[in-house]
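Peer 1: First the structure, then my questions, so here it is.
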Amino acid sequence: MGRRLKTILIAAVAALCVGLVVIAMTILSKGSSTDAFGSTIEKIGPKEAAYADGTMTVSEVENVAEAATESPADETAESQKEAEELFEKIQNETITLQLADSISDTISADTISSWTSLDGTTVSVDEGKVADYVASLASQYDTWGKQISVTTHSGQKISLGAVNYGWKLSKDTTASDLRTAILAGEGGTVKATWASREAVMGTDGVGGTYIEADLDEQHLYVYKDGAVVISSDLVSGRAIENWSTPNGVFEIVGMQKDATLKGEDYETPVSYWMPFYLGWGFHDASWRSSFGKDIYVSNGSHGCCNLPPAVAGELFRIAYPGMPVIVHGGMSKSQAVTYLASKKAESDEPKPEDAAEADSQSAEAAAAAQAAAENSAVVAAVQQAAAASGFAVDEQQSAIISQAVANYMAVGMTSDQAAAQVFADLQAQATAVQQAAAAQAAAPAQPAASDPAAAQPASPDPAAAQPAPAQPAAPDPAAAQPPATDSAAAAPQA
């Protein structure tokens, strides 16, 4: 038994020795020395323990040793080769920068080549040149804060400042995306990044769906796909207080129901609030009974566009954040002062119809005065003629004569004709009175027998003994007026 155990131990030691010899010969066959083997084990790192306890195979040790013997120069050469291949691809690529749906800019291979460089194993892009390129595009296409052309509802082209609306290129992001695409060496398309956009790129960037507030007309127009869908009067900011609604191109920046608008001297609840710039916006104004005209000059809002409640509700249904808003026209404070002063002066002056009426009244008064003067002269002439003929003319008769003269003159007689006619009437009436008195005197008295007083002689009546004062007869225009050669001239005018 002891001899057998001894034999097994000897065989085991021999096998171990053989394995060690094989390992040593393998290392020596690769040109390695004991030091190299030690260096190899050192580079194995954590696997050294694995080798020591027999868990690493000889093949694994060989692989690690081979990797450890590769030189840094080999690695550099490989990296340089890869860099050269990438650089060559970059020199031949083109990139399209997509600015908008139908607008793009192509960066040629020559341009990209001028932006890039190769330094050993490093390919780089000149950030400054890319930034300059993007800045040139922003200068060409940005409209934010600039004057842009828009068309009003009347078809007029006007220029307005794009206040919080317009194209604004995000230059840093776009430049970074371009550099990344260039270094990928694949070419293709890069989409520009915009901090702000218009509805369309080009002229009339508001597109076909937008809001227009004409402050000269105090009217709102809302367009959808090029057609007016809302048209309504409005009241804008009070011009006389310098609260005028600002002009420009804006966009709806918010939508809120049942908001409370607050200022230094007001706190107003509204049902619909659609701001388009800072504190300016559209909202309902249920406290107003009328809109439009020149209300805004002296009784406008604090700057917002007031709308009838129903109109504000309809606008709220159509509007959306980003919807373009055009505001133009209206008075400044100085213009409002001048306008109100002119309006007051006009109200103080007689109206044309009042002036015409006053002129007519003056003309009538002058004509009446002239007629009265002529009448007085005629009456005086008649009185003088009557007195010369022995007729007594008292105050009452003078009034009758005056009216008779006026009547004759009203039917077309001249003052002389009227005077002659009245005097003739007086003479005719006096003659008739005298004839009647003479006839009465010639008739015999016939006293009644049954009347005791009839036997007594009658007391003389002074009035009966004297002829009655002559009374001018009422003129008969048809008989009194002289023959007329022009029937139109003879007729009285109304």
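What follows draws every value from the coordinates through simple rules; no lab data is involved. Bear in mind the structure is a predicted one, so any value in this text is a computation, not a measurement. Don't worry about glycine lacking a Cβ; one is built from the backbone with ideal geometry, like all the others, and counts go over all protein chains shown.
Peer 1: List E346, E82 from most exposed to least, where exposure is judged by having the fewest other Cβ atoms within 10 Å.
Peer 2: Taking fewest neighbouring Cβ atoms as first place, the list is E346, E82.
Peer 1: Kindly state, to the nearest 0.05, the FRET efficiency for A184 paired with M255, given R0 = 51 Å and r defined as their beta-carbon distance.
Peer 2: Once rounded, the FRET efficiency stands at 0.75.
Peer 1: Turning to a different aspect of this structure: Taking θ = phi - 60°, what integer Hz values does the Karplus form 6.51 cos²θ - 1.76 cosθ + 1.60 yield along segment 412-428, in sequence order, with x for Gly and Pro?
Peer 2: For segment 412-428, the Karplus curve yields x, 6, 7, 4, 5, 5, 5, 4, 5, 5, 5, 4, 5, 4, 4, 5, 5 Hz.
Peer 1: Please list, in order along segment 306-317, the HN-Hα scalar couplings obtained from phi with the Karplus expression 6.51 cos²θ - 1.76 cosθ + 1.60 (θ = phi - 60°), rounded to whole Hz, x for Gly and Pro.
Peer 2: 7, 10, x, x, 5, 5, 4, x, 5, 5, 4, 6
Peer 1: While we're on this one: Considering the zone a paramagnetic label at A345 would reach in this model (a point 7 Å from Cα along the Cα-to-Cβ line), which residues of segment 276-296 have amide N under 20 Å from it?
Peer 2: Once the point is set 7 Å along Cα→Cβ of A345, nothing inside segment 276-296 turns out to lie under 20 Å by backbone N.
Peer 1: Rounded to whole Hz and in sequence order, give me ³J(HN,Hα) for segment 170-183 from the Karplus expression 6.51 cos²θ - 1.76 cosθ + 1.60, θ = phi - 60°, writing x for Gly and Pro.
Peer 2: 7, 5, 4, 5, 5, 5, 5, 5, 5, 4, 4, 5, 5, 5
Peer 1: Here's something else I'd like to know. On full extension of the chain, what length is gained from A428 through L137, given 0.36 nm per residue of separation minus the C-alpha to C-alpha distance?
Peer 2: In short, 93.3 nm is gained.
Peer 1: Let me ask something additional. Listed highest first by mean packing, meaning other Cβ atoms within 10 Å per residue, what order do 226-237, 255-266 come in?
Peer 2: So the peptides 226-237, 255-266, ranked by packing, come out 226-237, 255-266.
Peer 1: Let me check I've understood the local charge: for K333, count other residues with C-beta under 10 angstrom from its C-beta, Lys and Arg +1, Asp and Glu -1. What total comes out?
Peer 2: Local net charge: 0.
Peer 1: Given the peptides 213-224, 406-417, arrange them by the average over their residues of other C-beta atoms within 10 Å, most packed first.
Peer 2: 213-224, 406-417
Peer 1: Right, next: Tally Lys/Arg at +1 and Asp/Glu at -1 over every other residue whose Cβ is under 10 Å from the Cβ of V311; what's the total?
Peer 2: Local net charge: -3.
Peer 1: Another question, then. Which distance in nm do the two modelled labels at A310 and A410 give, with both placed 7 Å along the Cα-to-Cβ direction?
Peer 2: Here the answer is 5.9 nm between the modelled labels.
Peer 1: Here's something else I'd like to know. For the pairs K157/K191; K129/K171; K129/K191; K81/K129; K146/K168, flag any whose C-alpha to C-alpha distance is greater than 22 Å.
Peer 2: K157/K191; K81/K129
Peer 1: Cβ under 12 Å from I295's Cβ, I295 left aside: what net charge do those residues give with Lys, Arg +1 and Asp, Glu -1?
Peer 2: Summing Lys/Arg as +1 and Asp/Glu as -1 gives +1.
Peer 1: Can I ask one more? Pop out the Kirkwood hydrodynamic radius of segment 85-147 from its pairwise C-alpha distances, inverse of mean 1/r, in Å to one decimal.
Peer 2: With all distinct Cα pairs of segment 85-147 included, I get 13.4 Å.
Peer 1: With the crude spin-label approximation of a point 7 Å out along Cα→Cβ, what separation in nm comes out for S113 versus T193?
Peer 2: About 3.1 nm, to one decimal.
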